[in-house]
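Asker: Got a structure for you, written out below as structure tokens; questions coming shortly.
A short reminder: the numbers here are calculations on the coordinates, not readings from a lab. Just so you know, these numbers come straight off a predicted model, no measurement behind them.
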Amino acid sequence: MGVVRLNRAGICAIIAAALLWGCGSDDDSGAWSGRLLWPRGTRPVASPTSQAVLFTQEQPPSGLYLLSEGSAVHLNPAGPAARTDYAWSRDGSRFCFSGPDEPGDSDAGIFVARASAPTEFERLWDRGSHPRFLADGLGVVCAGPEDGSEAEGIWHVALTSHARDRLAERGLSPEVSPDGLKIAYLMTGGNLGRILVVLNLETTARDTLVGEVLNFSWLGDSHALVLESFTEGVQEIRVISPEDTAAVAVAVGTLPAGFPVGTDFVYTGLEGDRIGGLWIAASGRAAERISATGTWAAPATANRIVAQDSMGIIELTR
């Protein structure tokens, strides 16, 4: 396990970068403020209950890191390798991720660790990807390999017994609704994306919502989803509900992510072929830019967002 701490020069570099980043930010409402959390790393995901942040470092020593209290711990120097599909449990006590090796290999599959022992991994399954904790914290849902085998599809895996239950015969990238009652996932279909499907865990009913989906996320009210799709060559952010399958266009942008409560979402704006900072919007409300920089934004709470930019991991709070 490697622990990285910043020396005085590193701290000075962070302060200088943070000042530069703050001067470049464009906060229209005055409600959000930003700071640089760590001077390297990508794809940050913050704990919902603490200041801890998981992120990927691509520079050597590369791998999965946990940032907490001013230091970054390299979690997997001896393996397994980790995809960037990691996620926290609702209570912040655990996190999960998948390994990218071939199904059955020692480093492949679905892994879980406790926040109190973040380098001790338990493998739930020897294949699969994109694990997400269920609301009760007793299991995860994940996607099996997209290879036409009996392991393909959307699965529920129990944390204690590792027992598996197949929820859908096909599908990828499952996401659990904030209320824990539904799962949205993607299926093959379309030329510029996939088909978005919602499974009701109580009734087992499935709703096929829309095609050509590139990315999606639940909104905090659990009644609608925000998605990114190509429309006539433009990357559009849209909001859609299983009750009303007409998607409402909100903005031009990419990588939308819903907040854990309410109907707001954050996304990366696009200005031609350039990234245009981070924006917050909701269906029926004009978008508002909260930062001139940043992408891959991930809300942790209603008042905290982590994201990446060219200087590393950033945090926005209000």
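Asker: What would the Debye equation give as log₁₀ I(q)/I(0) for the range 118-276 at q = 0.12, 0.13, 0.21 Å⁻¹, counting only Cα atoms as equal point scatterers?
Answerer: Evaluating at q = 0.12, 0.13, 0.21 Å⁻¹ gives log10 I(q)/I(0) of -0.54, -0.63, -1.36.
Asker: Taking only DSSP H segments of four or more residues, each worth -39500 (n - 2.57), what value at 222 nm results for the chain once the sum is divided by all its residues, to the nearest 500 deg cm²/dmol?
Answerer: One gets -2000 deg cm²/dmol as the mean residue ellipticity at 222 nm.
Asker: Ok, one more. State the label only: which of [x] 213; [y] 133; [z] 152 corresponds to volume of the Cα convex hull per residue in Å³ computed from the shown model?
Answerer: [y]
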